[in-house]
Every structure is written in structure tokens, then in C-alpha cells.
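Below is one structure, written out as C-alpha cells; comments come after it.
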Amino acid sequence: MIQPYKSLFPTHFSYHILNRNTISVVFLALLLSSGCAKTDSEPLRAALATTRFVAYTPTDLKIINGQVKPASKEQITRDLTVLQHDFQGLITYSCADGLEHLPAIAKSMGYTAIILGIWDPMSEVELTCAKKLANEFPSLIVGISVGNENLLAKRYEWDQLKQAMRKLRSGLPGTPVATSEPFYYYLNDDPADFIAEQDFLLPSIHPLFQPWFEQGNTASWVNFVVEVMNLLIKKSDKLILIKESGLPSGPKGSRFSPEQQADFWVELYQKMPRTPSLNLAYFEGFDHAWKEENAKIDFKGAHPEEGYWGFYTEAGQPKPVLNALRKLWLSTAQSQAAPR
């Protein structure tokens, strides 16, 4: 079994490993549809309609060779001070290793919504912590993500993950519970009860990890994400928060650039479906150099772009993508009074 923290907080190249040879078959199956009962709560619905979410990992939290360096309250405070200029909602990947302090800090700073992450669904420490925090901050924690890419990484079987979700839900009947996997788990009914077991949908849609990415361009990458969004809307009437998408901005001299990252997000923002049942989180808050080191170990080669997904550098400097999006956000706020 893979150690729970071996690839903590997304190192995505595993998408290639699982899906390179099956994506065409899977995509043909995306037009299947089924009805699902609504199980979302009004706080979550309101948050998705009005909140700009960002996926967040503290800049001082590092996991190298399975060894965790926890986040500090002081650095979380510094990070959230940077992020609050552009975001009101946070998505985390764990509620341990320092992140148990995040809700109190976020509330004190005026953040309005958190999707609280549990990294290890089998960890009694994290499950207990999630219950405690959800009860302590009921108006702030609008949903809980039980695990991230556990099926993709084969950390746990579906029955194990499903039981962990049910266990948490039984202790928090008022809090929406979901897990997060790549989009094709949802659209391909794999497992068959995957959507039915979730109170809301929290998928990732990464064009980078599709086999045709190298032959594409900004328009085709964005159109792919938008098409998957539309298929998800048709597939289920549950609330949808796209947890991850995007492009890395580097490193310098690679096929990725800050300008390309900005172009992708601007076009995606302009083309994404406008519906109250769907929102798009921005992935991710900060660059993390340690992810490059993890990728070398996990995928037997150099993947330096893994350290450059952030909207801010590790030092907290905004990238061009933020300058471009701020203009669009301002225009949206002025015309609709509802930032996304």
C-alpha cells in the first residue's frame, strides 16, 4: 500500500499512468446520464453562488520522502493575508499537520467558506478533527472532502472510502460530504454508485494529463474543460465545485510560461458555464518547490512543472494570471455584483 503521505497534495502525473490508454473509450461514455437526488445544503449552495475559492496548501508545509514538515500558524496567517486580496473561500487537502488551525485563522480574517479536506480517510485523528472543526465553525465549513485522488492513486478501495464518508456523515448530518477524483470517475459511473454516495461533486479536470495535450493549444484545452463541465451538469443535479484545473507557469525555459497560464485561465473564465449549481476553484494558491522533488521519486523522472501551479510564487508574489483575472473579476462584480 502507498503510504498516506507519499504524494500529499496533488502530484498529478499519475493521471498519465491510469488514463493514457483509456481516455478515448472513457470519453465516448461521457454522454451517459442519470438522475440524482439533491442532497446539498443551503450554506453550500450560497457559497458556490457568491464565493471565489482557491485550493490552498500552506507554503511552509512540505512532504519529502514521506516525511512531513507541518505548517505553522504564523505562516498560515501570512499566506491567508496574501490570498484574501483575491479569494474568499478555501479548499484544503488535510486538517492535520498544522491545518487544524486554519478555520480559526480564516474566520478571524473574514473568509466566508471552507471546503475542509481530510487527506487520509482511514485516520481517526483527521476524522475526529474534521468533526470537531465542523461543529466549531458550522457557518464557515460548508463541505468536507474525504480524501483526494485515493482511487486514482490506489491508496484505498472504493468500499473503504465509501464507509469513511458514511461514518463522517453520520456524525455530521448537516454538513455536505464528498470525495475528489478526476472527472472520468463521475462521468463514467466508475464505481457505479460513485455519484450517489456524494452530497456534492468535487472533481478535477486537467487537460495537461490527457494524451492529446501536446497537440493542443489554449483554445482546445479550455474547450475540453468546458465540455466536461457541461457533461457534469447534465449528468447530475447535485452542486458541482471544480476543485482543480489549470496549467503550471514554469519553470523558465520549459514548455510552460506565466503568459500561457494567464491565457488559459482568462479564456476558461470567459467560456465556463454560468449556472448557480456550478463553480470553479482556482488551482492553486502558491507554488510549492517540494512537489518537484516528490515527482522525481513518484514518477521516476524530472517533472519540474509540478512546482509551478500557483497563482502566487512561493514568496507570495502575484503572477500575470492574477493581473489578468482581476480585470475580469472587477468587470463581473460591477455588472452582476456576484464575483466568481
## Note on the structure
Going through region 304-322 in order, the residues found to be aliphatic (A, V, I, L, M), assigned to a helix (DSSP H, G or I) and either out of contact with any helix residue (DSSP H, G or I) (no Cβ under 7 Å at 6 or more places or on another chain) or surrounded by fewer than 24 Cβ atoms within 10 Å (Cβ to Cβ) (or both) are LEU322
## Note on the structure
Subset of region 231-276, residues open to solvent by 30 Å² or more (accessible area, probe 1.4 Å), polar (S, T, N, Q) and more than 25 Å from LYS319 (Cβ to Cβ), comes to THR275
### Query
Which of the residues spanning region 102-124 are within 29 Å of LYS154 (Cα to Cα), in contact (Cβ under 8 Å) with a residue 12 or more places away in the chain and either touching a Cys at 6+ places or on another chain (Cβ under 9 Å) or not aliphatic (A, V, I, L, M) (or both)?
LEU102, LEU116, GLY117, ILE118, TRP119, ASP120, PRO121, SER123
### Query
Considering only helices (runs of 4 or more DSSP H) fully contained in region 191-303, which possess at least 1 residues that are free of Cβ contacts under 8 Å to residues at least 40 places away in the same chain?
218-235, 290-298
### Message
Looking at region 132-166 only, could you name the residues that are over 18 Å from PHE200 (Cα atoms), assigned to a helix (DSSP H, G or I) and modelled with pLDDT of 95 or more?
### Response
LYS132, LEU133, ASN135, GLU136, ASP159, GLN160
### Test: LYS62 is modelled with pLDDT of 80 or more, charged (D, E, K, R) and either within 21 Å of the chain's Cα centre (by Cα) or surrounded by 17 or more Cβ atoms within 10 Å (Cβ to Cβ) (or both)
yes
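From the list LEU232, LEU241, which one is within 24 Å of VAL142 (Cβ to Cβ) and within 15 Å of the chain's Cα centre (by Cα)?
LEU241
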### Query
Quick check: anything in region 80-92 open to solvent by 20 Å² or more (accessible area, probe 1.4 Å) and charged (D, E, K, R)?
no
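The values are calculated or read from the model by the stated rules, or taken from the named source; none is laboratory data. None of the values given here were measured: they were computed from a predicted structure. Cβ coordinates were reconstructed from backbone atoms using ideal geometry, including for glycine residues, and neighbour counts include every protein chain displayed. For the accessible areas, the whole protein counts, side chains as well, though only heavy atoms, and no ligand, DNA or RNA atoms are used. Shrake-Rupley method; radii C 1.70, N 1.55, O 1.52, S 1.80 Å.
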